[in-house]
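Scroll down for the structure; my scribbles are underneath it.
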Amino acid sequence: MALHVVDLRDRLPFADGAFDDVVASLVLHYLADWGPTLAEFRRVLRPGGRLIASVDHPFVAYTFEEPRPDYFATTSYTFDWRFNGQSVPMRFWRKPLHAMTDAFTTAGFRLTAISEPQPDPAARELFPDGFHDLSTKTTFLFFVVAAPGPATGSDGQPEK
Ligand SMILES: C[S@@+](CC[C@H](N)C(=O)[O-])C[C@H]1O[C@@H](n2cnc3c(N)ncnc32)[C@H](O)[C@@H]1O
């Protein structure tokens with residue numbers, strides 16, 4: 001399996017329709033504008049392919065600051081993360097829920113599922129504190145969205 005390191009704000013180094021699924025795990029909330037990235041995800045998906053994405057739940061990002069920021073505005077905040085012993089500012093972008101769903105539909109995706117999944121019950125004994133937190137507080141939001149399927153004729157078969 002090949003590993004490519006890319007900036008998701010750039011064109012992806014893959015052919016049109018190359019993938020059945022794209023998984024974007026906890027990455028879209030680092031991007032101010034989802035539009036160009038979602039357009040690329042859609043381009044590299046085959047017709048009918050799925051984008052499966054998780055993001056910080058939009059409610060979470062409004063609890064860090066007092067006074068609370070405007071929920072309906074797209075705004076950023078920064079956390080310092082440590083990489084190889086070095087402190088690096090990570091910039092997060094918060095958006096209201098409707099801005100997220102609008103970004104998917106504007107990019108031509110159809111919303112299939114929005115979910116707030118609970119942790120796997122098997123994690124209760126292994127990570128009791130984390131399990132309690134994750135099962136009682138809003139943390140992540142998951143989306144499954146579909147690229148438009150192949151055009152079909154009146155007989156339901158793909159058009160030639
Ligand atoms: C919270 S981590 C998630 C990592 C992994 N996907 C997961 O679910 O465990 C966020 C990741 O987003 C990456 N990231 C942030 N901005 C990015 C960008 N513009 N292009 C590509 N990756 C980016 C960071 O490098 C980091 O690896």
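Bear in mind that the values in this text are calculations on the coordinates, not laboratory data. Quick caveat: nothing in here was measured; it's all calculated off a predicted structure. Cβ atoms come from the backbone with ideal geometry, glycine included; neighbour counts cover every protein chain shown.
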Protection proxy (average C-beta count within 10 Å per residue), highest first, orders 27-33, 142-148, 63-69 as 142-148, 27-33, 63-69
proj_area_mean for the chain (convex hull on C-alpha atoms), units nm², value 13.4 nm²
Loop-resident trypsin sites (Lys or Arg not before Pro) in region 6-76 with no more than 14 other Cβ atoms inside 10 Å, DSSP not H/G/I/E/B, are 9, 11
Out of 130, 87, 25 - ranked by how far each Cα lies towards the positive end of the dipole of the chain, with unit charges on the beta-carbon of charged residues - the top one is 25
Quick calc, region 1-152, dipole around Cα centre from Cβ unit charges on Lys, Arg (+) and Asp, Glu (-), nearest 20 debye, gives 380 debye
Given 95-104, 123-132, 16-25, the highest-first ranking by average Cβ count within 10 Å works out to 95-104, 16-25, 123-132
